[in-house]
Amino acid sequence: MGYFGHILTHNVIPLCIMIGLGAALYWRFKVDIKTFSKLIFYLFTPVMIFKMLYESDLTASILLQIVGFIIFFLLVLYGITEGVIRLRKLDKGMRSAMSNSVLFYNSANYAIPLNQLVFAGNTFTMSVQLIVMAFQSVLPHTYGIYAVNAHKSTLKDTMRTILGMPVIYAIPLAIVLKELHVPIPQPIYEPITYISNGYVSLALLTLGVQLGQMKWQIQRLWDVGLSCVLRLVAAPLIGFGIVWTMGLHGLMAQALVLSCAVPTSLSSVLLSVEFDNEPEFAGQVVFASTLLSIFTVTVVIYLLQFIS
């Protein structure tokens, strides 16, 4: 079947089915997407991140290397994206929406199974991806919230919103409990497991609900295309350049580059919905980038063999 067929059947088609079910729910029952987004922001995301970090096998040296790569990568990608945004002369709402669509990528329910496929379930590469996922979980709940609110709220109100996000407390709590080897009682850990297992389903259904109520904006298609190019083409190329610059090699470098190549995260849609900031554009980018990624990710996987 090869990479192309495997990615199609194990990633893209299952994602599309879940998204389609969400759209069908909206068309049939007109469900409230705000309720879905609040469940994800305030319950499912922090619980899922807590569980994965608590169970992961991470070391300080790996963490420092990966965080250094991520910061370097995001700074370069942010600079390029800002340049494109300024050339397009977008308004403030669209500027943050496009920036979020490029900087926030699907490091969980797309990248994790992709990592397992490409590296045959290697525990080291999975640890690398878990750190990327944790970082990408914090970013939308901090910078992302600031970006979508900066042009319409005071700094004090924006910081209050950020500090009200449970995920920024779930991450250090998981790390502390793990490092101190503190066991979590089974009656508490069972609900954590149930909620964590439901994250992917609820997130994809939420995207489907958003797409179901979305009015496709033809005038935004050019910007959607630009966002997809930045996310799916420019981002992995930057990743290749940074691992070379930092002198990273082997599985570490391959896992980091692959993590850069995935489509736009559902977080960009959730932020847009929760704070009413260009939700139609955000939904279109997630939908388009997910479909196009089957081609671009396959190319990136092929090129990974050239990283020694």
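The values are calculated or read from the model by the stated rules, or taken from the named source; none is laboratory data. Because the structure is predicted, anything quoted here is derived from the model rather than measured. Virtual Cβ from ideal backbone geometry, glycine too; neighbours counted across all protein chains shown. All accessible areas refer to the heavy atoms of the entire protein, side chains included, with ligands and DNA or RNA removed. Shrake-Rupley method; radii C 1.70, N 1.55, O 1.52, S 1.80 Å.
Which members of region 76-131 meet the condition of being in contact with a strand residue (DSSP E or B) (Cβ under 9 Å, 6 or more places away or on another chain) and either exposed (fewer than 15 other Cβ atoms within 10 Å of the Cβ) or not β-branched (V, I, T) (or both)? Can you show your working first?
If we filter region 76-131 for residues that are in contact with a strand residue (DSSP E or B) (Cβ under 9 Å, 6 or more places away or on another chain), which is where we start, we get 100-102, 104-106, 111.
Those that are in contact with a strand residue (DSSP E or B) (Cβ under 9 Å, 6 or more places away or on another chain) and either exposed (fewer than 15 other Cβ atoms within 10 Å of the Cβ) or not β-branched (V, I, T) (or both): N100, S101, F104, Y105, N106, A111.
For the structure I just gave you, tell me whether G250 is on the phi > 0 side of the Ramachandran plot, of a type outside the set (V, I, T) and in contact (Cβ under 8 Å) with a residue 12 or more places away in the chain.
Working: on the phi > 0 side of the Ramachandran plot: yes; of a type outside the set (V, I, T): yes; in contact (Cβ under 8 Å) with a residue 12 or more places away in the chain: yes.
Judged against the criteria, G250 is a match.
When you scan region 167-183, do you find a residue that is part of a loop (DSSP other than H, G, I, E, B) and touching a helix residue (DSSP H, G or I) at 6+ places or on another chain (Cβ under 7 Å), even just one? Let's see the steps before the verdict.
Initially, region 167-183 is screened for residues part of a loop (DSSP other than H, G, I, E, B), giving 180-183.
If we keep only those that are touching a helix residue (DSSP H, G or I) at 6+ places or on another chain (Cβ under 7 Å) as well, we get none.
Looking for residues that are part of a loop (DSSP other than H, G, I, E, B) and touching a helix residue (DSSP H, G or I) at 6+ places or on another chain (Cβ under 7 Å), one finds none in region 167-183, hence no.
The single condition among (1) outside any loop (DSSP other than H, G, I, E, B); (2) open to solvent by 10 Å² or more (accessible area, probe 1.4 Å) that F73 does not meet is (2). Looking at region 194-308, the helices (runs of 4 or more DSSP H) lying wholly inside it that each contain 3 or more residues that are touching a Cys at 6+ places or on another chain (Cβ under 7 Å) sit at 235-246, 279-303.
State whether one or more residues within region 191-202 are closer than 30 Å to G93 by Cα, touching a residue at least 12 places away in the same chain (Cβ under 8 Å), buried (at least 24 other Cβ atoms within 10 Å of the Cβ) and of a type in the set (V, I, T). Before the answer, list the steps.
So the first thing to find is which residues in region 191-202 are closer than 30 Å to G93 by Cα, and the list is 199-202.
Still in the running and touching a residue at least 12 places away in the same chain (Cβ under 8 Å): 199-202.
Pick out the ones that are also buried (at least 24 other Cβ atoms within 10 Å of the Cβ) and you get none.
So far as region 191-202 goes, no, none of its residues is closer than 30 Å to G93 by Cα, touching a residue at least 12 places away in the same chain (Cβ under 8 Å), buried (at least 24 other Cβ atoms within 10 Å of the Cβ) and of a type in the set (V, I, T).
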